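Okay, handing you the structure first.
The values are calculated or read from the model by the stated rules, or taken from the named source; none is laboratory data. What you are looking at is a predicted structure, and each value in this text was computed from that prediction instead of being measured. Cβ: placed from backbone, ideal geometry, glycine included. Neighbour counts: every protein chain shown. The protein model used for the area step is the full one, side chains on, heavy atoms only, and it has no ligands, DNA or RNA in it. Shrake-Rupley method; radii C 1.70, N 1.55, O 1.52, S 1.80 Å.
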Amino acid sequence: MDRLKCLGKVARLRINTPLARTGLLASVLISPSMLYAQDLSQLDELNSYDNHAVISQYGNSLNATISQQGLTNRAVVSQTGFSTQIDVNQVGSRNQLTAFQSGAEIEAAILQSGFNNVVVSSQQGAYLSLEIEQQGNDNLASVLQVGNESSVTIYQNGTGHGVSVIQYGQGQSAQVTQGYISN
C-alpha cells in the first residue's frame, strides 16, 4: 500500500465477512497496473457472503465506490478516461451490476435494494448522467448511452419490472418510473 501512496494512488478495501474475521479469507490482490494517478476505488462488502466486486479504472480523476450487503451480490465496473465516477450500493441478495464508462465527465449512481435485481449499463461520450434506483425483487434495467450531454433516470419499485433505454446523439433525456413511488 505504501507503494501505491507514493504513486499518488488510493485504494481502500474493507471486507467484513465471517471468513475474513476468522482469518480464513485474508488475501486481497490489487495490481498496481489497475490503478492510475488520481484513481480512487473503494469497496465495502459488509456482513456479507460471497460478494464479488471488480473495479478497473484508467485515466485521470476516476472514482468508483461499491458497498454491498447481503448474500451473493456481484458488481463489475470499468472506467476509461477523464473525470468519470460510479457509485453503487446493493442491499439485499443476488443483486448484480455491470457498468462501463468511457469518455469525459460521465456519472452513474446506482442503488439496488431487494433481491435478484440486475443493472447493465454502458456510457460512451461526454457529460453523460445515469441514475438508477431499484426497490423490490427481480427488476432489470439496461442502459446504453452514446453521445454527449444526455441523461437517464430510472426508478423501479415492486417486482418483475424491466426497462431498456438506448440513447444516441446529443441532449437526450429519459425518465422511467415503474411501480409505485414511495414517500
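Tally the residues that are acidic (Asp, Glu) and part of a strand (DSSP E or B), restricting the search to the stretch 134-153.
Total meeting the criteria: 1.
For the stretch 61-71, indicate whether the set of residues that are among the β-branched types (Val, Ile, Thr), on the phi < 0 side of the Ramachandran plot, surrounded by fewer than 18 Cβ atoms within 10 Å (Cβ to Cβ) and modelled with pLDDT under 90 is non-empty. Before the answer, list the steps.
The initial filter retains those residues of the stretch 61-71 that are among the β-branched types (Val, Ile, Thr), namely 65-66.
Then drop every residue that is not on the phi < 0 side of the Ramachandran plot, which leaves 65-66.
Keeping just the survivors that are surrounded by fewer than 18 Cβ atoms within 10 Å (Cβ to Cβ) gives none.
No, the stretch 61-71 contains no residue that is among the β-branched types (Val, Ile, Thr), on the phi < 0 side of the Ramachandran plot, surrounded by fewer than 18 Cβ atoms within 10 Å (Cβ to Cβ) and modelled with pLDDT under 90.
What single numbered condition from (1) open to solvent by 20 Å² or more (accessible area, probe 1.4 Å); (2) assigned to a strand (DSSP E or B) fails to hold for residue 128?
Result: residue 128 passes all but (1).
Just one of 85, 167, 145 is at pLDDT below 95 and crowded, with 17+ Cβ neighbours inside 10 Å; which is it?
After ruling out the rest, the residue left standing is 85.
When the stretch 91-125 is examined, which residues are found to be surrounded by fewer than 22 Cβ atoms within 10 Å (Cβ to Cβ), within 15 Å of residue 68 (Cα to Cα) and not polar (S, T, N, Q)?
91, 92, 94, 109, 111, 115, 118
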